[in-house]
1. Looking only at region 79-92, decide whether some residue is over 13 Å from T240 (Cα atoms) and more than 12 Å from the ligand (Cβ to nearest atom).
2. For Y115, which of the numbered conditions (1) of a type in the set (S, T, Y); (2) away from the ligand (no atom under 16 Å from the Cβ); (3) surrounded by fewer than 22 Cβ atoms within 10 Å (Cβ to Cβ) fails to hold?
3. Limited to region 336-350, what total is found for residues that are polar (S, T, N, Q) and surrounded by 15 or more Cβ atoms within 10 Å (Cβ to Cβ)?
4. When you go through I165, I139, I143 one by one, which is the residue that is within 16 Å of the ligand (Cβ to nearest atom), at pLDDT 95 or above and in the same structural domain as V246 (by TED's automatic domain parsing)?
5. Is it true that T184 is within 16 Å of the ligand (Cβ to nearest atom), of a type in the set (S, T, Y) and touching a helix residue (DSSP H, G or I) at 6+ places or on another chain (Cβ under 6 Å)?
6. Any idea which of T206, T229 is in contact with a Gly (Cβ under 8 Å, 6 or more places away or on another chain) and touching a residue at least 40 places away in the same chain (Cβ under 8 Å)?
7. Can you run down the residue pairs with Cβ atoms below 9 Å, 6 or more apart or on separate chains, where the first is in region 179-194 and assigned by TED's automatic domain parsing to the domain that holds M217 and assigned to a loop (DSSP other than H, G, I, E, B) and the partner is at pLDDT below 95 and surrounded by fewer than 24 Cβ atoms within 10 Å (Cβ to Cβ)?
8. Do you know which residues across region 367-388 are of a type outside the set (D, E) and out of contact with any helix residue (DSSP H, G or I) (no Cβ under 7 Å at 6 or more places or on another chain)?
Amino acid sequence: MKDETKLVVAGRDPESNFGIVNVPVYHASTVLYSSLDDLQQRHKERAEGKQVVTYGRMGTPTTWSLEEAVAEIEGGYRCQVFPSGLAACAQAIQAFVKTGDHILVTDSVYGPTRYFCDNVLSRFGVETTYYDPLIGGGISELIRDNTSVVFVESPGSQTFEMQDIPAISDQAHKRGAVVLMDNTWASPLYYKPFEHGVDVSIQAGTKYIVGHSDVMMGTVTTNKEHWETLQTAANLNGQTAGPDDVYLAQRGMRTLSVRLKQHMENGIKVAEWLKGRSEVHSVLHPALKDHPGHDLWKRDFLGASGLFSFRLNALSRDALAAFMDDLELFGMGYSWGGYESLIIYADPSNYRTATKWDNTNPLIRLHIGLEDTDDLIADLTAGFDRLKAAQ
Ligand SMILES: *Cc1c(COP(=O)(O)O)cnc(C)c1O
């Protein structure tokens, strides 16, 4: 089956649900057993890795439905849901480290993942080195005997460096490290991490899987080898996600392919238009031919989402505010992946250690939604007029 078909059928089971198309929302904590035999049998089956209902926290048909669908589309073995994307990132890393370990994390990583490493892992004696996202196979020089995890994220969600994940994974595996990826930008649809050497793939489902800016959700999918470690750690840390949110995420999955196609098309249109503007210093979008990571994107990715950045020519703070403050269609806000367009200012010079970003040319990140691009471009044009008037 092709992905578009899988998105429609994966994780559904009308025959077990009175013919109802969608798997219903099971709210559960206590689960009743019919007998001691039943209790012992179900626990035995669960220990063997089977999906059996034993207690709400351990999953219900509602959570399994989403987990199955994500694992199938992403191309992994099995998947576990988490209450947010950050919970998924933090828990996935924690599952594969112990005191005394060293981990390698891309310098372009999602900020809060970095703060987890710096402020939580460090307290448990796990050391983090941030590496240049463009390092490729050169990462071998940074791998130590105690390096247990190599964390990749491609592209970086503010600065859009593309990583050579197969090359990095090869080196990591030679030295026995597990490769974890934050695969949120491409969604399970446009990047297949397990075909490129990744062992554990993380989604901030909050973004494109949910798709409507109204639910927090995280998923971690692993290959067969690493499933038990991840699942045990997640369960022992009490990780799960609420059934109403899981249901909404599952509902979002069904339309992921049509939404992403439009986000991609609209995003490329607006990015190309920005490139022609005299106020713009550069556009950071991997699908544009002159992006330094374009060849890697073409080689490994099946599409692009609607998130990219651009840098403005040096300007005053007043002119920047004049551009951003009165946009009508671009909301100023964090997160992305919903149906609506967003704009946010980012200063990557705040926390870079392995790479050098300065803030002379301010970085603006856009999420291009499903609006008509003529309207979006008109909104940005009016912003540039205000910018010029304020210079
Ligand atoms: C948003 C985001 C996260 C965190 O997801 P939340 O659901 O907001 O916790 C992780 N990684 C990336 C790349 C993100 O954009």
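The values are calculated or read from the model by the stated rules, or taken from the named source; none is laboratory data. Every value quoted in this text rests on a predicted model; they were computed, and no experiment measured them. Cβ coordinates were reconstructed from backbone atoms using ideal geometry, including for glycine residues, and neighbour counts include every protein chain displayed.
1. Looking for residues that are over 13 Å from T240 (Cα atoms) and more than 12 Å from the ligand (Cβ to nearest atom), one finds none in region 79-92, hence no.
2. Status for Y115: all satisfied but (2).
3. Looking only at that region, the number is 1.
4. I165
5. So T184 fails the test.
6. Among T206, T229, only T206 is in contact with a Gly (Cβ under 8 Å, 6 or more places away or on another chain) and touching a residue at least 40 places away in the same chain (Cβ under 8 Å).
7. T184/S157; W185/S157
8. Answer for region 367-388, where residues must be of a type outside the set (D, E) and out of contact with any helix residue (DSSP H, G or I) (no Cβ under 7 Å at 6 or more places or on another chain): H367, G369, A378, L380, T381, A382, K388.
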